[in-house]
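*Asks:* Encoded as structure tokens, here's the structure I'll be asking about.
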């Protein structure tokens, strides 16, 4: 197990905020596969999103657009986009997990390349 900090990963509610995840590292390529148990508590998911960097960055990007006149409009756009997802977790807390694979890094390892740019 490794320690991860991604927002959607389930936090074990311990003082050190350890999460359940696993990363597969390959020589020269680094993290190639990753998986983790996902958060199921809707309130925690919402809180972590609205108080995290992703929300701040989205709001900042939206406010740079000409069709978004102010901060309040940017916040409404983000809320309208994400609330349907958050509502999925309001009633049923189904355990779930996620997985990702870096195809470029896998090819880097298989081809014996020292840099991903060559792949």
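*Asks:* If you go through segment 18-41 one residue at a time, do you hit one that is surrounded by 11 or more Cβ atoms within 10 Å (Cβ to Cβ), assigned to a helix (DSSP H, G or I) and out of contact with any strand residue (DSSP E or B) (no Cβ under 7 Å at 6 or more places or on another chain)?
*Replies:* No, segment 18-41 contains no residue that is surrounded by 11 or more Cβ atoms within 10 Å (Cβ to Cβ), assigned to a helix (DSSP H, G or I) and out of contact with any strand residue (DSSP E or B) (no Cβ under 7 Å at 6 or more places or on another chain).
*Asks:* On to the next question. Checking the condition farther than 22 Å from residue 26 by Cα and either touching a residue at least 12 places away in the same chain (Cβ under 8 Å) or out of contact with any helix residue (DSSP H, G or I) (no Cβ under 9 Å at 6 or more places or on another chain) (or both), which residue from 55, 85 passes?
*Replies:* 55
*Asks:* Here are some conditions: (1) assigned to a helix (DSSP H, G or I); (2) outside the structural domain of residue 19 (by TED's automatic domain parsing); (3) over 22 Å from residue 21 (Cβ atoms); (4) touching a helix residue (DSSP H, G or I) at 6+ places or on another chain (Cβ under 9 Å). Residue 107 meets all but one. Which one does it not meet?
*Replies:* Single failed check for residue 107: (2).
*Asks:* Inside segment 44-60, can you point out the residues that are over 25 Å from residue 19 (Cβ atoms) and surrounded by 12 or more Cβ atoms within 10 Å (Cβ to Cβ)?
*Replies:* Once the filter is applied, which keeps residues that are over 25 Å from residue 19 (Cβ atoms) and surrounded by 12 or more Cβ atoms within 10 Å (Cβ to Cβ), segment 44-60 yields only 59.
The values are calculated or read from the model by the stated rules, or taken from the named source; none is laboratory data. It should be emphasised that the depicted structure is a prediction, and the values quoted were computed from it without experimental measurement. No Cβ is skipped: glycine too gets one built from the backbone with ideal geometry, and neighbour counts run over all protein chains shown.
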